[in-house]
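Following: one structure in structure tokens, then a few remarks.
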Amino acid sequence: MTFKQLFNSALLLLATAPPLALLAWDEQADLAFIPNGMYDTLTFTLFPIMTIVLSVVLFRHLYKKYNSNFEFKHTVKDYINVHGKFRSAFIPLFLPILIYLWLWTSVCISAKLLANKYSDNIWQQEYQLLEVGTCPTDYEYSCSKLTVLDLKSYRKHSFRWYLDKSKLVSLQNNNVNLVGVTSPLGNIVQEIQW
């Protein structure tokens, strides 16, 4: 393995490891999270726009470099010859996904995990328990997917819950009090009271 190949592998690892580590940490913690409007705005509006802008800027920069730098042009052509056009086409598709993943995990996942660990802002609100469903088979037997209705905004939220499954089934279509901590991007449910 040449130094250039080793450097490219290390660069790829540094680019993908932090978001993947945060995603794995979030999946392992498996927090019952109810997002707020700011989370939705970031996830579905601001980050996609920023991803498009950053991708266009990055591709434009690379295109200019490709046209002006003979060595870079030769390196790109060699890469395409070695790896093929089909495999090389995944790089332009993967970069916007990686940019979005970086933005989303660094802001949304980090805020959620830090709020769960360090937040002192106690939160509680009454919701209507609409449905107690089953989790996919790769989760524990005690896992249930709860769908609740916010009685203030009339928005539905779903999250996984691991306690009191039989009691929650009997409380379906009744009001329950969700207690937890609040973060700038939503609320983390730590207890359900009935």
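The values are calculated or read from the model by the stated rules, or taken from the named source; none is laboratory data. Because the structure is a prediction, the values reported are computed rather than measured. Note that we place each Cβ from the backbone using ideal geometry, even for glycine, and neighbour counts take in every protein chain shown. Accessible surface areas use protein heavy atoms only, side chains included; no ligands, DNA or RNA. Shrake-Rupley method; radii C 1.70, N 1.55, O 1.52, S 1.80 Å.
The table below lists the values:
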{"quantity": "The listed residue being under 16 Å from the mean Cα position of the chain (by Cα) and β-branched (Val, Ile, Thr), out of 51, 75", "calculated": "51"}
{"quantity": "Residue ranges of helices (runs of 4 or more DSSP H) in region 49-120 with at least 3 members touching a Gly at 6+ places or on another chain (Cβ under 7 Å) and either closer than 19 Å to residue 8 by Cβ or without any contact (Cβ under 8 Å) to a residue 60 or more places away in the chain (or both)", "calculated": "none"}
{"quantity": "Test: residue 108 is within 30 Å of residue 166 (Cα to Cα) and within 21 Å of the chain's Cα centre (by Cα)", "calculated": "no"}
{"quantity": "Counted residues, region 163-192 - those being without any contact (Cβ under 8 Å) to a residue 60 or more places away in the chain and either in a loop (DSSP other than H, G, I, E, B) or not charged (D, E, K, R) (or both)", "calculated": "15"}
{"quantity": "Residue within region 16-26 that is under 13 Å from the mean Cα position of the chain (by Cα), open to solvent by less than 40 Å² (accessible area, probe 1.4 Å) and closer than 30 Å to residue 152 by Cβ present", "calculated": "yes"}
{"quantity": "Residue among 129, 178, 149 that is open to solvent by less than 40 Å² (accessible area, probe 1.4 Å), within 12 Å of residue 32 (Cα to Cα) and modelled with pLDDT of 90 or more", "calculated": "178"}
{"quantity": "Test result for residue 13, open to solvent by 70 Å² or more (accessible area, probe 1.4 Å), of a type outside the set (Phe, Trp, Tyr) and under 30 Å from residue 138 (Cα atoms)", "calculated": "yes"}
{"quantity": "Those residues of region 18-43 which are touching a residue at least 12 places away in the same chain (Cβ under 8 Å) and either among the small types (Gly, Ala, Ser) or at positive phi (or both), in sequence order", "calculated": "29, 30, 32"}
{"quantity": "Failed item in (1) open to solvent by 30 Å² or more (accessible area, probe 1.4 Å); (2) under 20 Å from residue 180 (Cα atoms); (3) under 24 Å from the mean Cα position of the chain (by Cα), with residue 140 passing the rest", "calculated": "(2)"}
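A quick yes/no check of all residues on (1) surrounded by 13 or more Cβ atoms within 10 Å (Cβ to Cβ); (2) more than 30 Å from residue 154 (Cα to Cα):
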{"position": "46", "(1), (2)": "yes, no"}
{"position": "59", "(1), (2)": "yes, yes"}
{"position": "67", "(1), (2)": "no, yes"}
{"position": "106", "(1), (2)": "yes, no"}
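Let's see how each residue does on (1) modelled with pLDDT under 80; (2) in contact with a strand residue (DSSP E or B) (Cβ under 7 Å, 6 or more places away or on another chain); (3) under 20 Å from residue 188 (Cα atoms); (4) surrounded by fewer than 12 Cβ atoms within 10 Å (Cβ to Cβ):
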position	(1), (2), (3), (4)
2	yes, no, no, yes
30	no, yes, yes, no
37	no, no, yes, yes
53	no, no, no, yes
62	no, no, no, no
87	yes, no, no, yes
